[in-house]
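**Student:** Would you mind keeping the following structure in view while I ask a few things?
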Amino acid sequence: MNEMKENVLQMENVVMQFGGVRAIDGLSLEVNRGEIVALIGPNGAGKTTAFNCITGMYCPTEGRVHMLGTDITGWRPYRITAHGFARTFQNIRLFQKMSVLDNVMVGMHVKTRLPFPQNLIPGRADKVRKEAEARAEELLKILGLYEVRYEMATSLPYGDQRKVEICRALAIEPKLLLLDEPAAGMNEVETEELRTIMHK
């Protein structure tokens with residue numbers, strides 16, 4: 001007997017229009033748990049626009065976006081992130097004046113926020129920070145960045161900066177990870193290394 005697939009993402013006839021230009025025209029897409037799915041097309045085909053509709057950067061002109069059975073169309077990006085979607089960007093977006101470790105820890109904000117009264121309990125905030133730091137270091141080991149965790153993220157080679165961004169997205173513990181052109185600008189060796197990491 002086949003196990004029922006758990007639907008993580010469903011886009012239904014999504015249209016995204018900017019004035020007279022339709023960047024997306026009736027896109028329907030389904031992603032189930034455990035699947036690796038690629039959205040392929042030439043530059044200007046609307047791939048990033050589709051990601052922006054999924055993650056709340058844009059509200060689709062028409063159509064619906066569902067996550068785990070919940071209609072998230074029109075939700076703000078922070079709500080979608082808290083609900084379990086994480087993404088990277090076509091152009092790397094790292095905090096320039098922060099270390100590799102701190103950049104990754106930023107991704108944990110939805111998991112580590114404390115209600116205000118708990119911040120007043122002695123040691124509580126420190127305990128949460130130490131737990132977050134340990135989890136970030138664990139992810140950095142997986143992506144081969146542990147040894148450079150205290151370096152400024154933007155001082156790293158391009159391929160490693162990409163890995164920092166992916167690591168930050170993984171820190172959210174997402175139900176769905178969206179990688180926007182993850183190998184853009186990478187050389188052949190870096191691309192192969194990234195492919196191995198993605199499968200892991």
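**Student:** At E137 and V21, where each label point lies 7 Å from the Cα along Cα→Cβ, what is the point-to-point distance in nanometres?
**Tutor:** Spacing of the two 7 Å Cα→Cβ label points: 4.8 nm.
**Student:** Heavy-atom accessible area per residue, the chain, 1.4 Å probe: how many Å²?
**Tutor:** 59 Å²
**Student:** Let me ask something additional. Identify the GluC sites (Glu not before Pro) of the stretch 147-200 meeting these criteria: DSSP loop state and at most 11 other C-beta atoms within 10 Å of the C-beta.
**Tutor:** Hits after loop and neighbour filter: nothing returned.
**Student:** I would also like to ask the following. Provide the gained length on full extension for the span N187 to Y158, in nm with one decimal, where the gain is 0.36 nm per separating residue minus the Cα-Cα distance.
**Tutor:** 9.5 nm
**Student:** How many angstrom lie between the Cα centre of the stretch 1-40 and the Cα centre of the stretch 47-90?
**Tutor:** Using only Cα atoms to place each centre, the spacing works out to 11 Å.
**Student:** Something else: How far is it, in nm, from the label point at A45 to the one at H109 when both lie 7 Å from their Cα along the line to the Cβ?
**Tutor:** Modelled inter-label distance: 3.3 nm.
**Student:** Go through the stretch 1-109 and name the trypsin sites (Lys or Arg not before Pro) that are in a DSSP coil and have 16 or fewer other Cβ atoms within 10 Å of their Cβ.
**Tutor:** Passing sites in the stretch 1-109 are K5, R33, R93, K97.
The values are calculated or read from the model by the stated rules, or taken from the named source; none is laboratory data. These figures come from a predicted structure and were not determined experimentally. Quick reminder, even Gly has a Cβ in these numbers, built from the backbone with ideal geometry, and neighbours come from all protein chains shown. What goes into the accessible areas is simple: the full protein's heavy atoms, side chains included, and nothing from ligands, DNA or RNA. Shrake-Rupley method; radii C 1.70, N 1.55, O 1.52, S 1.80 Å.
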